[in-house]
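Written below as C-alpha cells is the structure these notes are about.
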Amino acid sequence: MSLPIRNVAIIAHVDHGKTTLVDALLKQSGIFREGEDVPDCVMDSNDLERERGITILSKNTAVKYKDTLINIVDTPGHADFGGEVERVLGMVDGCILIVDANEGPMPQTRFVLKKALEKGLRPIVVVNKIDRPQADPHGAVNKVLDLFLELGADDDQCEFPYLFASGLQGYAKEDLDAEGVDMQPLFEAILHHVSPPVGDPDKPLQLQVTTLDYSEYLGRIVIGRIHNGTIKAGQQAAIVTETGAIVKAKVSKLMGFEGLKRIDLDSASAGNIVAVAGFADANIGETITCPNEPQALPLIKVDEPTLQMTFSVNDSPFAGKEGDYVTSRQLRDRLSRELETNMALRVEETDSPDKFAVSGRGELHLGILIETMRREGYEFQVSQPQVIYREVKGQPCEPFECLILDVPETAAGGCIERLGQRKGEMQDMQMSGNGRTQLEFIIPARGLIGFRGEFMRLTRGRAS
C-alpha cells in the first residue's frame, strides 16, 4: 500500500528564506542520520547558487511525516527564473508563500503569488525571520492580505492560513506569543490545508515532464508528476511530443525522492512525483503515456523573454587564450543543450554563422548562463543587451519593470534623480523610521540595463 501524498511548492521573493526553511524541514524530518555533516542551504547544490546566495534551479525533495509522503519543490525567487516557477506549480496541489517579517511582500512575492493564484492554489503563508530586530509579523500578514486582494484572489484564497517562523532557528508557530519549539506546526498545516493529489491510478498513464536532468550512466532523466495511471520500471511507454508525434520507449529506471537522494521504485501511481530514465529525446511539457491509448496533457506555457544578446565566436586578438571550446559549432551545440532544460530561453540563428541571438528574461537570467558557460570552458563574445519590442494593437511596445529600492535616507535623492534620467516614474515613497526609505518606480527595462553598478556606488553598497 503506497503512502498518502502531499505535493507542495515553496515560493517567495529572493532572500526571504525559502532554502533555509527547507533545511529546517529536512533536518527535523529525520532523513539525516545522527552526526551527519549537513551543509547550510543544502538544496542550493549549484556553485553559482552558493556563491550568490540565490536559488536558480527548482529542486525536488521529499520527507515523511506521520506516515504521509510530503514532496517539496524549492523554487527560485527571482523573476528572471520565472520559467522554473511556472512549470513547477503545475506539479503541486498547494504552496507555502514565505514573506520576510521585516520587509513584507516584495516585487517577486507579487510575481510568484500571481502565478500560484492563477493555478488556483491556496497558499499557506509563513511569516519568516520573526527573530530579527524591527520585525513586524502582524504588519506583514496585513500587507500580504492587501496583495491577495490586489491580485484578485477569490474568497477562499483570501482566507489563507498563516504561521510565524524562523527558518534559521528551526521553529514555526501559530501564535506569535507562544514559544517556538520546532517545525511541527508547519508540517501539520501542510497535512491539513494542502489537498491530496487527484488522479485515477486505473486510467491510462499520463506523466507530464516538468524538469530534465542528465546522468552519465542513465542518459536523460525526466522528472514530473503522474496525473493519471501507474508507471512501472521496465514497462513500454510512449511520449507525445510538442508536434503531436508519438515516440515509443522503455522505462529503463524509475526513481522517487527521499530527502536529497533518489531511490529506486518498482512502480508509482497517480499523484507521485518521480524521475524516469529511458526517454532520450523527451522535452519539458511533453507527456509520457500508454503506447496503446496515448493521451497528451496541455503543454506548459511560460512568459516570453524581454532581453536579447548576441553570442559570437571570439575574434579579438586574444582569441583562444582562456577557453577550451572556441568554435561556432561548439557554441551552437552548448546553446542547443541549454534550450532543452531552460524553458524561458530562446536561441535564433543570425545572418552570420558565427553569431547567435540569445533571448532571456532579464540581465540576471542571461548573466548566469554566460557565467556557467565560461566556467565550463567556453570562450565567446557577447553584445550589449537589447530589449525586445513586441507589437500590441499595431503599436511597437517595450517591456516595463516594477522596481522597488530599499535605500538609506541620505541616498534617496540621488537614486530618484538617476532613475528620472533613465525614464523611471516614481509611484510610491515610504520612510520606515529606521533611517531607510523604500522607493517604488515603473521603469522601461532598457532603463535598468547597467543601473546596478551605479546604484551600488550611489548607496555605497548599503541598499537592495
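Quick notes on this one:
- Answer residue from segment 210-238, given it is touching a helix residue (DSSP H, G or I) at 6+ places or on another chain (Cβ under 9 Å) and crowded, with 22+ Cβ neighbours inside 10 Å and is modelled with the lowest pLDDT among those: THR211
- Residue list for segment 124-158, filter: out of contact with any Lys or Arg (no Cβ under 8 Å at 6 or more places or on another chain), without any contact (Cβ under 8 Å) to a residue 60 or more places away in the chain and part of a loop (DSSP other than H, G, I, E, B): ILE130, ASP131, ARG132, PRO133, ASP136, GLY152, ALA153, ASP154
- Here LEU121 passes the criteria (1) outside any loop (DSSP other than H, G, I, E, B); (2) modelled with pLDDT of 85 or more; (3) open to solvent by less than 60 Å² (accessible area, probe 1.4 Å); (4) among the aliphatic types (A, V, I, L, M) except the one numbered (1).
- Residue that is within 26 Å of the chain's Cα centre (by Cα), closer than 29 Å to ALA135 by Cα and among the basic types (Lys, Arg), where the choices are ARG452, ARG457, ARG462, ARG436: ARG452
- Given (1) farther than 24 Å from VAL22 by Cα; (2) in contact with a Ser or Thr (Cβ under 9 Å, 6 or more places away or on another chain); (3) of a type in the set (Asp, Glu), index of the condition GLU258 fails: (1)
- Single residue of VAL276, VAL313 found to be at negative phi, touching a strand residue (DSSP E or B) at 6+ places or on another chain (Cβ under 6 Å) and open to solvent by less than 50 Å² (accessible area, probe 1.4 Å): VAL276
- Verdict on ASP213 being outside any strand (DSSP E or B) and among the charged types (D, E, K, R): no
- Among the residues making up segment 401-440, a single one is open to solvent by 70 Å² or more (accessible area, probe 1.4 Å), among the basic types (Lys, Arg) and either within 14 Å of PHE455 (Cβ to Cβ) or free of Cβ contacts under 8 Å to residues at least 24 places away in the same chain (or both): ARG418.
- Condition met for ARG220 (in a strand (DSSP E or B), in contact with a Leu (Cβ under 8 Å, 6 or more places away or on another chain) and not acidic (Asp, Glu)): yes
- Any hit, segment 373-382, residues being touching a Gly at 6+ places or on another chain (Cβ under 6 Å), closer than 30 Å to ASP315 by Cβ and among the small types (Gly, Ala, Ser): yes
- Contact annotation: residue pairs with Cβ atoms under 6 Å, 6 or more positions apart or on different chains, pairing a residue in segment 306-317 that is within 19 Å of GLY450 (Cβ to Cβ) with a partner that is crowded, with 17+ Cβ neighbours inside 10 Å and of a type in the set (Lys, Arg), are THR310/LYS355.
- Residue in segment 349-375 that is nearest to GLN308 (Cα to Cα), counting only those that are open to solvent by 80 Å² or more (accessible area, probe 1.4 Å) and within 27 Å of the chain's Cα centre (by Cα): GLU363
- Selection count where residues are open to solvent by less than 20 Å² (accessible area, probe 1.4 Å) and under 26 Å from the mean Cα position of the chain (by Cα), scope segment 241-256: 3
The values are calculated or read from the model by the stated rules, or taken from the named source; none is laboratory data. Because the structure is predicted, anything quoted here is derived from the model rather than measured. No Cβ is skipped: glycine too gets one built from the backbone with ideal geometry, and neighbour counts run over all protein chains shown. Calculation scope for accessible area: heavy atoms of the full protein, side chains included, ligands and nucleic acids excluded. Shrake-Rupley method; radii C 1.70, N 1.55, O 1.52, S 1.80 Å.
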